[in-house]
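Only one structure is covered here, and it is reproduced in the block below.
The values are calculated or read from the model by the stated rules, or taken from the named source; none is laboratory data. Because the structure is a prediction, the values reported are computed rather than measured. Heads up, the Cβs are rebuilt from the backbone with ideal geometry, glycines too, and the neighbour counts pull from every protein chain shown. To get the accessible areas, we keep the full protein, side chains included, count just its heavy atoms, and leave off ligands, DNA and RNA. Shrake-Rupley method; radii C 1.70, N 1.55, O 1.52, S 1.80 Å.
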Amino acid sequence: VADDKSCAPRDGCDFGDRAGDVAPSWTTTTPATDDDESAATSSKGGIAALIDAEARRLPRSVVRATRPASSMVVDDEVIEPRPATSLTPDERLVRDAARHFARDVVAPRVRAMDAAHALDGTVLEGLFASGLMAIEIPDAYGGAGGSFVASCLAIEEIARVDPAVAVIVDIHNTLVARCVEAWGSASQRETWLPRLAADTASSFCLSEPGSGSDAFALRTRAERRNNDDTWVLNGEKAWISNAREAGVFLVFATVDSALKHRGVTCFVVPRETEGLSIGPPESKLGIRASSCCPVHLSDVVLSDEAVLGEVGRGYKMAMSVLNEGRIGIAAQMVGLARGALDEALAYTAERKQFGRPIVEYQGVQFPLAQLAADIRAARALVYDVARLKEQDHSRNTLARDAAMAKLVASQVAERTASQCVELLGGVGFTTAYLAEKFYRDAKIGAIYEGTTNMQLLTIAKHLREEGAAFDDDDDDQGRAAQ
C-alpha cells in the first residue's frame, strides 16, 4: 500500500510460497478494540474473522478499492488495471487459509482416502470449521461474504494437494450455495444458507443415465398430485458428486417433457425425504475420495416451497451456474498441475545420476520449464475469466470464456501430470509418490462439467456468431473504464 492509494499486492502476481505466509487459526477472532464494528464481529471464526480483521487494519480507501474491477477510482484518482492474478488482501487471506488447511489437514490423509475411495470425516468437518465451504455465502447467513475469485483460489490450493477434496469445495460453493443465494426465496435462503455454511454438504443433481452431454434430455419427472400444492418426483440421477456426504440435493426434473428445456425445474430435496435413496459409489480411476453415486427418486413428495426459483426456469439456472462451475473446475485443474509439478521438482532435485542431481541436466530442465510456462498461462486465463465473471454476470461471452478456461486448464493438467510421471522414471509409475495419483486424477478434467468436445463446440458457436474473435473484449475494457 503506497499513500493509501494502491490495492495491488506488493509482490505482483506471485502465487508461490513466501516466508511471510502465516498459518491462520481456524478459530481466529478479531482483536478487541473500542470500535463497535470490531465488537460486533469478534465472535466470527475462520475466513470471515480473518477478512474482517484485515479490512479494519487497512485504510477505508484501500478497502473500498479491493472490490473486483478493471480500473478503480480511489480518492478521485484513477488506479490502473491490475494483473488478473494479483490478489486483494481478502483474497490472500482465503488463499492462505486454503493452503495451510490443505497441507495440515488434507495432505496426511491423501493416500488413505484414495485407497478407501472415501472422504475422511475429519477433512469434511475441517472444511466447514475453516469457512472453506461458505466462501461466497453472505455473512448474514454465517458465511464469509467473499468473492468468486476467492472460491477459485481455495479450490486451486486444495487441488494442489488432493483434487478429490477440491471437488466438494467447488460444487458446494460455485453451484449449490450460489443457486440458493441467487434464486432461493427468502424462506429458502434463511433455511439453507446457514446450514450450507455450517455443516451440511450438498449435491447438484442434473446428469442422468441417458442425459450426459445432452444434459437437459431429462427423464426425471415432477408431476402435480391431484392439482394440489404438492409435487411428486420420480427418476434416477447418475454420477452425482458428493452424494454420500450430502445433506441436501438440488434435483432438476421436467414438469412436462413436451416443453423440452422450458419444462426443467429445480427442487430442493433434503436427504431425509422419503423416497430419496443413494446408490453405491462408482469405483473410479481417479478423484476417488470424491463420492460419485446414483440418486434414486421414487414417489418423492415435495411442497411448492421446495421449488427453487420458478417452475420451468431450471434450464437457465443450471446454464448460468455451470459456467461458474466450469471456471471452478479450471481452477482445480490448475491446482492439480501445480501439485504434479511440485512432485517433479522435489524429486529431480534429490535424485542423482552420474554424480549430479538430475535437475541439473538440460534434458530435465527443459520439460520442467515448459510445464511451468504452461501452468502460468493457464492460471492467467482462469483468473482473467473469473474476474470477468465477477464484473458482469450478464456477459454474453461468459459461456465461451468459461469453456476456454476449462479446456486449456484441463489439457495443461493432463499434459503436466503425464510428463511428471516420466520425469520420476520408474518410481513415478508406483504409489511411492503422488505423481501417479495426479495422473489418474487429471483425466476427469476432460470429462466432467462438460467434455472437451462440448467446450470446443461452445467456443466454435461463439466464433460463428461473433464473426471475429475477441472484439468484445475492447468493449469490456471501455465499459470498465467509464
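Among the residues making up the stretch 406-443, those that are aliphatic (A, V, I, L, M) and part of a helix (DSSP H, G or I) are Leu407, Val408, Ala409, Val412, Ala413, Ala417, Val421, Leu423, Val427, Ala435, Ala442.
Report, by residue number, each residue of the stretch 344-390 that is among the hydroxyl-bearing types (Ser, Thr, Tyr) and either under 18 Å from Ala435 (Cβ atoms) or in a helix (DSSP H, G or I) (or both).
Of everything in the stretch 344-390, those that are among the hydroxyl-bearing types (Ser, Thr, Tyr) and either under 18 Å from Ala435 (Cβ atoms) or in a helix (DSSP H, G or I) (or both) turn out to be Tyr347, Thr348, Tyr383.
Scanning the stretch 104-123 for residues that are open to solvent by 30 Å² or more (accessible area, probe 1.4 Å) and part of a helix (DSSP H, G or I) returns Asp104, Ala107, Pro108, Arg109, Arg111, Ala112, Ala115, Ala116, Gly121, Thr122.
Any chance the stretch 319-329 includes a residue that's surrounded by fewer than 16 Cβ atoms within 10 Å (Cβ to Cβ), within 21 Å of the chain's Cα centre (by Cα) and either part of a helix (DSSP H, G or I) or at pLDDT 95 or above (or both)?
So the first thing to find is which residues in the stretch 319-329 are surrounded by fewer than 16 Cβ atoms within 10 Å (Cβ to Cβ), and the list is 319.
This time we only want the ones that are within 21 Å of the chain's Cα centre (by Cα), so: 319.
Okay, now just the ones that are also either part of a helix (DSSP H, G or I) or at pLDDT 95 or above (or both), so 319.
Checked against the condition, which is being surrounded by fewer than 16 Cβ atoms within 10 Å (Cβ to Cβ), within 21 Å of the chain's Cα centre (by Cα) and either part of a helix (DSSP H, G or I) or at pLDDT 95 or above (or both), the stretch 319-329 yields at least one hit.
Among residues of the stretch 330-376 being more than 16 Å from the chain's Cα centre (by Cα) and closer than 21 Å to Asp401 by Cβ, the one that is surrounded by the most Cβ atoms within 10 Å (Cβ to Cβ) is Ile375.
Can you name every residue in the stretch 223-265 that is open to solvent by less than 40 Å² (accessible area, probe 1.4 Å), of a type in the set (A, V, I, L, M, F, W, C) and under 19 Å from Cys292 (Cα atoms)?
Of all residues in the stretch 223-265, those open to solvent by less than 40 Å² (accessible area, probe 1.4 Å) come to 230-233, 235, 237-238, 240-243, 246-255, 263-265.
So of that shortlist, the ones also of a type in the set (A, V, I, L, M, F, W, C) come out as 231-233, 238, 240, 243, 246, 248-253, 255, 264.
Once the filter is applied, which keeps residues that are open to solvent by less than 40 Å² (accessible area, probe 1.4 Å), of a type in the set (A, V, I, L, M, F, W, C) and under 19 Å from Cys292 (Cα atoms), the stretch 223-265 yields Ala238, Ile240, Ala243, Ala246, Val248, Phe249, Leu250, Val251, Phe252.
Output yes when any residue across the stretch 156-179 is at pLDDT 95 or above, open to solvent by 10 Å² or more (accessible area, probe 1.4 Å), not polar (S, T, N, Q) and not in a helix (DSSP H, G or I), and no when none is. Yes, that holds for at least one residue. Looking across the stretch 232-265, just one residue is modelled with pLDDT of 95 or more, within 15 Å of Ala318 (Cβ to Cβ) and among the charged types (D, E, K, R), and that is Lys237.
Checking each residue in the stretch 206-222 for being over 23 Å from the mean Cα position of the chain (by Cα), crowded, with 18+ Cβ neighbours inside 10 Å and more than 15 Å from Met319 (Cβ to Cβ) picks out Thr220, Ala222. Any residue at all in the stretch 266-278 that's open to solvent by 10 Å² or more (accessible area, probe 1.4 Å) and modelled with pLDDT under 95? The answer is no; no qualifying residue exists.
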